[in-house]
Amino acid sequence: MILSYLVIGVLAVFGVIGFWRGWLREVATLAGLLVSWMLLITLGETFISLVNRLFLMAAFTLRGGFDARDPSLLLRELRQRPLVDPRHPDLFLGLLVLLLATAAFAAANRLVARASGWSAQGLGALVGVANGYLIAYLSLHYLAPAQPAGLVPGVNAWSVAETLGQYLPTVLLVGVGLAVVIALISSRRLSGRSSPRPARSKG
């Protein structure tokens, strides 16, 4: 129950942020979040392997592996204790989700102009709620399995993640639909402004 209220609070905060940033930045952020999610699904194992390999190289060097009499013993020991356990990568993937989400927000702020006007800000609030919903789901989806049982009494993160996942397709469809409608309306306004007016006949 506590976590449910926390998720509602997160959605409210993202709605306020979306109202302040406008729909342009929020739609760009939503696109970045979806791309990051796809990268995580397709390249998650590659990221884990890369991090473990870099950790192995650094640990082998710092522990004097090149000067050891039998470097294979040290390599075997380090490989038995990887930085990220491939069998339980949930915590690593959850932190990676938060990092990619932060990068998506920063990129949208830097590369996309802020939309002005009450309508743009109102639509930004709606898309901002969708962004908050997606981030809340992804964070709980990956971090809930990493939570030790009974760490926080009365908090079932996995149950909340499953509930959010049930409505996630609807939220994403609404968010993408709003983005398409907004883009169409904006393109029509721009084409209407740029179209030349017919010249008046003299006399």
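Can you find even one residue in segment 53-76 that is among the aromatic types (F, W, Y), modelled with pLDDT of 90 or more and closer than 30 Å to L11 by Cα?
No.
Which one is surrounded by the fewest Cβ atoms within 10 Å (Cβ to Cβ), of the residues in segment 61-112 that are over 25 Å from A31 (Cα atoms) and of a type in the set (S, T, N, Q)?
Restricting to residues being over 25 Å from A31 (Cα atoms) and of a type in the set (S, T, N, Q), the top hit is Q80.
Per-residue answers, yes or no, for (1) assigned to a helix (DSSP H, G or I); (2) of a type in the set (K, R); (3) without any contact (Cβ under 8 Å) to a residue 40 or more places away in the chain:
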| position | (1), (2), (3) |
| --- | --- |
| G18 | yes, no, no |
| G32 | yes, no, no |
| L39 | yes, no, no |
| G44 | yes, no, no |
| A59 | yes, no, yes |
| V84 | no, no, yes |
| L91 | yes, no, no |
| V97 | yes, no, no |
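The values are calculated or read from the model by the stated rules, or taken from the named source; none is laboratory data. Keep in mind that this is a model prediction, so the values were computed, not measured. All Cβ positions, glycine included, derive from the backbone under ideal geometry; neighbour counts span all protein chains shown.
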